[in-house]
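Heads up: the structure comes next, in structure tokens.
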Amino acid sequence: MSSRTLLRAYYIYQWRGYLICSVHSTGNLRTSTTNRQMPDTPLFFCRHQYQLFISPILGVWRTVSYRQMNKNHILVASLLLNLLGAIGICGMAYHYRGLIKEKLKVQKAIIPQHLSDNFTQYSYHLKKNNVSINFSFDDSCEQDAQIKDVFDEFGMKCGFAIIKGDERYRQYAEEGFEILAHNKEPLADATEAEIRSSMIQGKSVVESLGLICHGWVTPSSTLNPCYVATTNDYFEYGFTIYKGADKTGLTIEKNSKSYNLWRAHISVLKDNLQSIIADAIDKNGMVSVYGHGYELTETPTVWTLEDLRTILTYCKKNNIEVLTPYQSCLKLFSEKHNDY
């Protein structure tokens, strides 16, 4: 087969579809042979309007006149014709720009009316899992090393709220444990100046070890309610509410204030483990737990290391994440791009 025959076949193939097209009064494109409606998207419409009227003429001209041109002339002519075609498409697109904008318009998200009070189109959670439990142990006790060993057994981490800059806590932090700020003097009736001084002093103890301090534990877990927001000036979160022996209302939910959190004592948790965890799952929140190492040697003993193992085993079996307090707060309060 000669190159001339191949070239003729190429041109006929390239333009065959447009020689049998017709425009109906509706503005839609249909083929005369199949009567099948073509897509009516704006770009398709603009492109085929141009090809419908110009392409048959160009195709016939190509087929007839190639005999009088050499290969270089044919190449140049083809490039020029393709350029002309591109200009034609751009012209048609500009002409139908209003239709194109209408087709490509992106509609805003629609939120059901009954959700509008609690959700906005910019921030809403439906199924994100915020459930976790965290532990912190106060007062820089000698028994903290034994507590750490139990968490190491389970491959889990906790926090230690320290009042002394013991070098061992730097090592704990390097292993993934969290070190929180704490102090001795109660602040339930303290002035703002006294509260600020206590927070600065507690934070400086942690920072003296070369560590970043994220969280605060109020002495005796109670901060003067007039100044709880002061926590924001020094920390990313703080435990400032005392729950005592409460067995309910221990779940911290997403709408809580990060500077006004609370903890449950580990002895309360061990006696009400299933109900407290079930409540956290139901409310999709976190549970914060605390204890003191010296309580392990008290008589009577309110909790033991074996109790701690039982709690951690239950959490592991029920797929409840055990995190440091800071990590737990991040999971509860933070929002990621794919949460929207």
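The values are calculated or read from the model by the stated rules, or taken from the named source; none is laboratory data. Predicted, not measured: the structure shown is a model, and the values here were computed from it. Glycine gets a Cβ as well: all are built from the backbone with ideal geometry, and neighbour counts include every protein chain shown.
One table, with the values for the structure above:
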quantity	calculated
Tally of residues being more than 28 Å from the chain's Cα centre (by Cα), surrounded by 14 or more Cβ atoms within 10 Å (Cβ to Cβ) and touching a residue at least 60 places away in the same chain (Cβ under 8 Å) across the range 130-142	4
Residue in the range 143-164 that is small (Gly, Ala, Ser), surrounded by fewer than 16 Cβ atoms within 10 Å (Cβ to Cβ) and either touching a residue at least 40 places away in the same chain (Cβ under 8 Å) or in contact with a Lys or Arg (Cβ under 6 Å, 6 or more places away or on another chain) (or both) present	no
Condition check for Gly202: buried (at least 21 other Cβ atoms within 10 Å of the Cβ), assigned by TED's automatic domain parsing to the domain that holds Val289 and closer than 13 Å to Ser140 by Cβ	yes
Unmet criterion (only one of (1) within 33 Å of the chain's Cα centre (by Cα); (2) at positive phi) for Glu175	(2)
